[in-house]
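S.K.: The structure that follows is given in the form of structure tokens.
The values are calculated or read from the model by the stated rules, or taken from the named source; none is laboratory data. If you're wondering where the values come from, they're calculated on a predicted model, not measured in any experiment. Counting neighbours? That spans all protein chains shown, and the Cβs are built from the backbone with ideal geometry, glycine included.
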Amino acid sequence: MALWGEAKGGDVVIRFAIIQRRKWFFLLSGSITLAGLIVVLLFGLNLGTDFKHGARVQIELNQPFQAQQVRQVFQSVDLPVGPSGITAGGKNNELAIVMLGETLSSHQQDVLQAAIKVAFPHSQGAEVESVSPVIAQEQSQSAIWAVILASLGIMAYVAVRFEFRFAVAGIVALLHDAFIVISVFALLRIEVDLPFIAAVLTIVGYSINDTIVIFDRIRENLKGAKLSSLADLEHLVDHSLWQTMARSINTVMTVLFAALTLYFFGGDPIHNFCFALLVGLISGAYSSIFIASPIWVAWRARSIGKVKPARPDPSVV
């Protein structure tokens, strides 16, 4: 039995009534969103130097190390503030990434380089990225505006291409995807930087593409359809979802394989970017099917009237 239904004479067999169970999907997404909001409020985001002033020091030690060893090196140097976080990276955890709450002058960087070379003879030195408070604030504002403008542009396009209700449903699904990724990063304390914003925008573009395909199928099936009850609308949208289900699953699996390959073999610089993509792709596939279309149905049903839905078809599981 195919997961997404079998074609019989051009028709699609609905294996699972999605729209009739929309309240459960809304409850699931609402619970995840609430949990994510609590996590963000309690723990906040682990902002990188792109969004807060300070310095990010990346050291190629080329040997196993303990965080305390690296901390002692920084404490031995006359720095304005000690390291706020030390993490290991690289294939064999021989790369040390140190976060500082203040920027470093050229003299301080030279002294630090010398101290690292003494403590870790095999080290290839350190790369220091510093961001001033003004630049950090500007980049934070630019990132927020990028997400807002992208959402407004998508909303305007869908509203013109389809209708306003489709646009609102699509944007709600997109915000759902973005917030899921943000919540996961907040919970796992993964650094949020500019590549993270690029990943969120990529997810937004991918998710709305899949949603538009489903919306287009719904619109095509609406042509000439006689909707006299809520049950008719639910059945039409369920039919549309299952017509596009194979395409949605195959597409997301293809992109997931590419993202997984980059995650494991792309190297440390794009590790967080790929992880955000993986979370967002899964969330985007879910929201396109189980959130966007059910929201549209809940809104569209008001124009039909409060009609009690017919009894579920016994052939539908």
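S.K.: When you scan the range 271-289, do you find a residue that is outside the structural domain of THR87 (by TED's automatic domain parsing), more than 16 Å from the chain's Cα centre (by Cα) and aliphatic (A, V, I, L, M), even just one?
M.R.: Within the range 271-289, one or more residues are outside the structural domain of THR87 (by TED's automatic domain parsing), more than 16 Å from the chain's Cα centre (by Cα) and aliphatic (A, V, I, L, M).
S.K.: Within the bounds of the range 207-230, is there any residue that is under 20 Å from GLY36 (Cβ atoms), assigned to a helix (DSSP H, G or I) and small (Gly, Ala, Ser)?
M.R.: Taking every residue of the range 207-230 in turn, at least one turns out to be under 20 Å from GLY36 (Cβ atoms), assigned to a helix (DSSP H, G or I) and small (Gly, Ala, Ser).
S.K.: Still on this model: Considering LEU233, LEU241, LEU227, which residue is assigned by TED's automatic domain parsing to the domain that holds GLY284 and surrounded by fewer than 20 Cβ atoms within 10 Å (Cβ to Cβ)?
M.R.: Checking each option against the conditions leaves just LEU227.
S.K.: Among the residues of the range 33-55, write down those that are in a helix (DSSP H, G or I) and crowded, with 17+ Cβ neighbours inside 10 Å.
M.R.: Result: GLY36, VAL39.
S.K.: Which of the residues belonging to the range 145-189 are buried (at least 18 other Cβ atoms within 10 Å of the Cβ), aliphatic (A, V, I, L, M) and at pLDDT 80 or above?
M.R.: ALA167, ALA169, ILE171, ALA173, LEU174, ALA178, ILE180, VAL181, ILE182, VAL184, ALA186
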